[in-house]
Structures are given as C-alpha cells and as structure tokens.
1. Could you please find all residues in region B:97-118 being of a type in the set (A, V, I, L, M) and within 7 Å of chain A (Cβ to nearest Cβ)?
2. Only one of B:195, B:142, B:180, B:148 is touching a strand residue (DSSP E or B) at 6+ places or on another chain (Cβ under 7 Å), surrounded by 20 or more Cβ atoms within 10 Å (Cβ to Cβ) and under 26 Å from residue B:104 (Cα atoms). Can you tell me which?
3. Can you tell me how many residues within region B:288-299 are facing chain A (nearest Cβ under 8 Å) and either assigned to a helix (DSSP H, G or I) or at pLDDT below 95 (or both)?
4. Restricting to region A:20-59, and then to whatever is facing another protein chain (nearest Cβ under 10 Å) and of a type outside the set (A, V, I, L, M, F, W, C), can you tell me which residue is surrounded by the fewest Cβ atoms within 10 Å (Cβ to Cβ)?
5. So, in region A:230-256, exactly how many residues are outside any helix (DSSP H, G or I) and crowded, with 17+ Cβ neighbours inside 10 Å?
6. Keeping to region A:257-311, report how many residues are more than 11 Å from chain B (Cβ to nearest Cβ) and part of a helix (DSSP H, G or I).
7. Of the residues B:173, B:165, only one is surrounded by fewer than 16 Cβ atoms within 10 Å (Cβ to Cβ) and under 22 Å from residue B:120 (Cα atoms); which?
8. Output the number of the condition that residue B:223 fails; it satisfies all remaining conditions of (1) closer than 22 Å to residue B:54 by Cβ; (2) more than 14 Å from chain A (Cβ to nearest Cβ); (3) crowded, with 18+ Cβ neighbours inside 10 Å; (4) free of Cβ contacts under 8 Å to residues at least 24 places away in the same chain.
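The values are calculated or read from the model by the stated rules, or taken from the named source; none is laboratory data. Computed from a prediction, not measured in an experiment: that's the story for all the values here. Reconstructed Cβ throughout: ideal geometry from the backbone, glycine too, with neighbour counts over all protein chains shown.
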Amino acid sequence: MKLRTCALLLAISVFSSVVPAQQKEQGTIISEVQMYVSPDLNSQKLARATRGRDVPLVMERTKIGEQTWAHVLIIVDVNRDAETTRQITGWVPSNVVISTATPNGDQIIFGEAVDSENQAEQRGGRKGAAQDAMRLYYRVYDYWPNSPLAGEGLWRAADIRWQLEKADVRLRPSSREMNPDLRTPIDDENMKLVMKKFPHTKFADLAAYNMIDNKLCGSWKGETKCPEKESELYEKYAREHPQSPKVAEALFNAAWRQAALVQMYGAQHEKERDKSRNKAMALAQEVAAKSATGDPKLIDWKPRATELMYALQQGIPTYTPEPDRK
Amino acid sequence: MVRHWKKIELLLLFALATAALFAAEAEHATLIREEALSISAGANAQKTAQVSRGSALTILERSQAEGQPWVKISMAADQQAQISREVTGWLPGKAVVTAATASGDEIIFGQAVDSERQAEERGGRKGAADDAWRLYSRVPELFPGSPLAAEAMWRAADIRWQLSKTDFVRSGKPMEEKYLREVIAKYPQSRQAELAAYDLLEGQLCQEWRGLAECPIKESALYEQYAHEHPQSPKVAEALYNAAWRQAALTDIYRINNDRSKSDAARQNGIALARQIQSQQQDQDWKMRATDLIYKLEKKIPVYGVDVVDSGETK
C-alpha cells in the first residue's frame, strides 16, 4: 500500500516536471469541498479543501453517473502558524475546480474572492473568509498572469495579508516600542512583488504606501523625533508618487503630524513650534488644493484639511497623547 | 370686556412676533471639540457639564475672558430627545463654529469625517459614532446652501440607521426610518436619496428565512424593483446581485423540496439578473461576482445553506 502511494507520488512529480507549465491544467477551487480517495461519495474522505487552495495539477476528469469528478493535486496547510504545507491528491467534484482551461476562469475566481472579502468584512461572516479571499486573489495573478485582473488580484492578496499581519503585530507587546526596528516588521515580500511585477501602476503606489507602516513608531512617548520622521516619510511618499490614490491621505498625515508637533513644542520652543505650524498649514493647503471633489470616495480630504487649518489658526488641540493617533 | 380681550390679543400677537424675531435672529452653532460648560466665562469658572462634538447650540451672548473669546449658549440637555430641558452656560469660543464662520461647513464636515474614522478604528474614541452623526447633521442645518449639505445629511442618517440596526439586533427596538426619509424628501433624485432608499430596503427583509421560499422571493422582488426604479443609483449593481443571489438560493431551496421545475425557473431568473449586471454595469467587482454566480448556477453548485460541497452538483 505504502509502495503504491510512493509510486503514485513519484509518477505525479515526474509528470509535473515533464509537462511544461503552460500545458498543465492548474487552478483552484471556489467552494469549500470534501476530497475523496476515489471518485465516489462513499469512498474514504481525505480532507476538506478551502477556497483558493493551490491546485498545481488537474490530472484527470471522469464522469460517474451524472457526476463529473476531477483528480487533483492540491496543496493544503499542515501548520498555518509555521506556514508548512503538504501536497495531497484526491478526487473532488469537477465543477468547483476552476482551472486555466475554464473560460473566464480569472473572472470567476476574482468574483469569488470579492465575495469572500465581503464575507470577511461582515459581522458574523464566514470563518476564514479573509484567508479565502487572499488565496483566491493570489491565484488570479498566479495562474492568469496576463489577465487584466492580475495586478489588482496580486495587490488585493498582498493587502489582505498585510492587514491581517498588521492586526497580529499590534497585539504583541513590542508593537508599543518607539523605535520601529525593535519590533517584528510586517512581512513585505508580497508588497515588493507587487512593485516589481506591476511597476508604475496604481497597485505599486498603494503597496509603497502600505510599506510606510513598518517605519512608523509604535508609540511616540511624547518625543518630537517620531512625528518629525513620520511627517517626512509621508511627505516624501507624496512627492515620489504624485499619481497615487493615496497622495491626499499621505499629505494629510504629514500635515497632522506637523500639527501635533505644534502642541509638543509649545511655548518653550517657539521657533520650532512656528516652523511646524507653517509647515502644517502649507501641507494642509496642498491637500485642499489637490483633493478631488468629484469622487465621493475622495470628498473627505479637503474638509479634513480645512478643519486642521482652522484648528491650527484657533489654537485648538489636534493631538491627544496616546492612544488617539491617526 | 371686548376691549379687554383685544388687549390680550394684541399682547399675544406682540409676544409671537417677538419670539419669531428672536428665532430668526438667534445665532445657531455647534462645537468641534468636546468642551466643559462653565457657569461663567473663564477657564477657572465652575464646570457644570460636558458638551459633546456636534451639539446643537444657540448663542446667547459673547464675551472675552483672559484674552480668549467665550460664548454663552443654550442647548437641549438631551440632544436626542424630542423634548428636553434647556441648559445654559459658557463655552470657550474657539471650538464653536457658527453659520458665520468662514468655511464652517467644511470645518464641521471635516471633524465629522474624523469622528467617523475614529468610530471605525479598533480602540477609537468612545462615542465617536454619535459625534459623527451629530456633526454631519449640523452641516445642512447651519449651511443649507453648502455643496456638502446633502452628503452630510445622508451620512448622518446612514450612521443613525446603522446604529439603530445594532440596537434592533440587541434589543428588538424598531429601526427609525425618519432620518432616511428626510434625506429622500429634501434631496429627491439625488445620489444621496438613492442611497437612503437602498438602506430602507433592509427594514423590509426577513430576519430569518428558515429554509422557506417565501422570504427570498419577496426580497429578490424588492431588490429588482429598486434597481428598476433607481437606474442611476450607485447601488444598482449591488441590488441586482442581491436579487440574483436570492434566486440562486431559491434554486437550492426548491431542489431540496424536490420541486425541479421551480428550481429550474429560479436558476434561469438568477442567470438573467446576473447577466444584467454584466451587460449594464461598470463596477468591476460586481461584474466579477455576477460572472462567478452565473458559473455556479450553470454548473449547479449550491450557494445556499452549504458549508462544504459534498457532491458538488444539484440535480
């Protein structure tokens, strides 16, 4: 029995290496599905495969009665924390396998990813939906690299991973360290991949914006060097990515940090305080000037900048020491 | 006797005219930071209450103390109640925004956006959602001609709707439709009115389907009707998708009940609705979701009431 399994695995690995990547039927699954040892509902169950799992090889399809089955090699998690995986083979209903041979396969997977992302955002949504969405989006890029959805798919996959890790990092005690080098950074491998594969795109701009998170202080502890450095980082981003959808937000964040510095310097450091006030006003004016008014999603930045300028002019505090950070 | 009545009438008229004049001239305002209400102007005066962001204020008097402007205000002690006792006191003038404040609409709207973001953040300021709707509400009140007025009124109504939904789930307290209806009445045919009408559909949805066909039939019809009545709404694609998804669910419900002809009819309806999204809508996400749903319907993959697909086929 063991020998037969070994022989099967060997055959698969040989087959996988011989068949060129572009000829292999590869893909993913769009519904959580039970895997069976053979194409029979009464056969032994192997595992549950969740949405977006990598199916590096569809070996065969067969019709038994009215049901079509697919014999697939699938990669499942062994230990999610340790990020160890294993490959298993088994039979699944064919209709849930979306492969490179499926017409509009990229669109179907992307649609399922949007659906999962939506589930993840809902209170009481499906458990693991965020991870499903992340895997599904990645598959669009992975198996349809020339699809018009590939860039968006890779970016969304990277962003979901980033947000999940960010939430995780925030729970650790080191997240409050002032020096960002003293805490575990969020893994930026996928963000770098977005920038490498889709340079000079909206996605590369968005990835670069996310990566600023790793350079922010965990806590300012009342010291001016953090908001000074962070303001510089955001302003630099805005200058280097003038077409980014995040320009107004970056400039606002830079302005808001300068406004915080006005309070932190106070009357004792009048020169620095005035310099920060002037800088904050200049940056906020730039936000107001650059904010698009037509797009309902971007309508917010101009009023926020106006409110910040008003607060600076009237001497209204904008910064309350931790945890009220923006 | 007649003369006596005439005198009373005259006095009454005079009182009404004075009240109307006062109402017309009263300066209304709001607050963009939480402040303490003092019994007199000055930082060291005794504090009587905290005044929240976005509170509706009427300015009674202005003064200077310690080189800072102060305003005497009156306000309802309970800002949400229909009838409330009035409180008066002094507030620092710098955080008070009136209809006369330059760019006051943007300043209030900006603080409302900030509060809304705080409310969405984990560990954000307590009461920030209430601050946000109050602030948004003040924009159309103080600046009815502002280009931000419709958006602000809609956002205030939407936040209140979302909060009342949470209350409804927790305590069964009926959801208050009044504020959304006011948006529709005040800004008919606007984007904001379309969004308000979409929110109102939620009040007509079943709490639970219990595996019966009645609810998805009714809900699918509601969403389809919305899409046809509001063709310019930003929610058209979502409404059509919701209608299509309910038809897909009906496909499964009828299949479980062994009603094959109704199941097939629901499948065809679902596909037709999803195709409308593909052909008529621009939004990429909804188009892709429609493509995914059409695939599932064509391949008979169940969408309703299944955690794990066992057989993968609905026959």
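1. B:107, B:113, listed by residue number.
2. Being touching a strand residue (DSSP E or B) at 6+ places or on another chain (Cβ under 7 Å), surrounded by 20 or more Cβ atoms within 10 Å (Cβ to Cβ) and under 26 Å from residue B:104 (Cα atoms) holds for just one of B:195, B:142, B:180, B:148, which is B:142.
3. Qualifying residue count for the region: 8.
4. If we take residues in region A:20-59 being facing another protein chain (nearest Cβ under 10 Å) and of a type outside the set (A, V, I, L, M, F, W, C), then A:45 is surrounded by the fewest Cβ atoms within 10 Å (Cβ to Cβ).
5. Summing the residues that are outside any helix (DSSP H, G or I) and crowded, with 17+ Cβ neighbours inside 10 Å in region A:230-256 gives 3.
6. Selection size over region A:257-311: 30.
7. Numbers: B:173 fails: under 22 Å from residue B:120 (Cα atoms).
Testing whether each residue is surrounded by fewer than 16 Cβ atoms within 10 Å (Cβ to Cβ) and under 22 Å from residue B:120 (Cα atoms) leaves just B:165.
8. Answer for residue B:223: the failing condition is (1).
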